Amino acid sequence: MAWWCQWATILGPMPEDVIVRLLSDAISHPSLARGVPRSEVYLVVKNPADFHSRAIASGARELSVLALGDWGHTAANRVCAT
């Protein structure tokens, strides 16, 4: 029997300079601030545009547009409203 999974969760530890490149002015530089994220958690889904649109419609703030990343996944960065 074969199992097919529609999505997966990935934890991506990231160097500080990569975080700054991805999120630019959306956050303080991680080396200068306590509590700034140094990793990301993202879902791999069949329809990332739909998931991204729903997050924005639910109040999330877009940090980077949905685009194909150099690691091969289509992704966007956003932060949930507080």
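The values are calculated or read from the model by the stated rules, or taken from the named source; none is laboratory data. The shown structure was predicted, so the numbers you read here are calculated from the model rather than taken from an experiment. Note: ideal-geometry Cβ built from the backbone for every residue, glycine included; neighbour counts use all protein chains shown.
Please find, within segment 1-12, the residue that is modelled with the highest pLDDT out of those that are small (Gly, Ala, Ser) and in a strand (DSSP E or B). The residue in question is Gly12. Residues in segment 58-82 that are exposed (fewer than 12 other Cβ atoms within 10 Å of the Cβ), under 17 Å from Ala26 (Cα atoms) and at pLDDT below 85: Cys80, Ala81, Thr82. Here Ala55 fulfils each of the conditions (1) assigned to a strand (DSSP E or B); (2) surrounded by 13 or more Cβ atoms within 10 Å (Cβ to Cβ) apart from (1). Applying the set (1) under 15 Å from the mean Cα position of the chain (by Cα); (2) exposed (fewer than 12 other Cβ atoms within 10 Å of the Cβ); (3) at pLDDT below 75 to Pro15 leaves exactly one unmet item: (3).
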